[in-house]
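K.L.:
Here it is, the structure, as structure tokens.
A short reminder: the numbers here are calculations on the coordinates, not readings from a lab. All figures in this text were calculated on a predicted structure; none of them were measured in a lab.
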Amino acid sequence: MRSARQRYRWGLGALALAAFGVAACSGEAPTRFYTLVRPTPVAPLAAGQAAFALDVQPVRVPAQVNQPELVVRQGNGEVALVETRRWIAPLPDEVRGALVAELGAALGAQDVSQVAPPPGVPVYRVLVDVQRLDAQLAASVRLDAVWTVLDVSAPGALKARWTCSTRVTAPVGAGYDALVDGAQTGLARLAADIAGVVETAQRDRAAVRCPG
């Protein structure tokens, strides 16, 4: 049996350990969450204003960066997962969400990938394969993507597809916020390239050319 003095000392020791644990936890850096969807895309148009609709399919991203944490390049072959900086949703969903927002703002078109499109409305399906997404602090964010626009609503022989590529290197300042801004800039450029092809296809399919 413990004496009263032993129980008292044991209680003090337990309290000290608990206080140390609380202090250690409070000293940890808080986790911050990021999105690739910009708060206000440039020149927003009302959704549904266009005489056509979009069908933006799930986006493919490289396995190396498809992580909950931000993946930052450290050198030629070294990368780091930043535990305290995370995406608010899976990265493929973040990329797709950003593209849907940017395309909707640029074209005034609704994304009908999850619903039936209005009858008689042309539908352009968008497929995006992000092949490279490199981020380096206080340096740049590089985005390489191959993408296809398909006129899926045209009958038979009139169906058409256009496959193009976009490469963007966005310089960034110091800090993780700047890194996310750079990724948003790259996706905005990608969306602008896609929007240009869709607009031209709707006006004159024979005039469609890949950007650049």
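K.L.:
Under a 5 Å amide H to amide H cut-off, with H placed in plane at 1.01 Å, what residues pair with ALA109 once short-range neighbours are removed?
P.N.:
Amide H neighbours of ALA109, under 5 Å, 5+ apart: GLY48, ALA50.
K.L.:
Same structure again: Once amide H atoms are built 1.01 Å from N in the peptide plane, which residues 5 or more positions from ARG85, or in another chain, come under 5 Å H to H?
P.N.:
ARG32, LEU70
K.L.:
Here is a further query. Would you kindly derive the ³J(HN,Hα) couplings of region 72-83 from the backbone phi angles with the Karplus curve 6.51 cos²θ - 1.76 cosθ + 1.60 (θ = phi - 60°), listing them in order in whole Hz, with x for Gly and Pro?
P.N.:
So the Karplus estimates, Gly and Pro as x, are 10, 6, 9, x, 4, x, 9, 10, 10, 8, 8, 4 Hz.
K.L.:
Once the Cα atoms of region 62-198 are picked out, what are the Rg and Dmax in Å?
P.N.:
Calculated on Cα positions, Rg and Dmax stand at 16.7, 52 Å.
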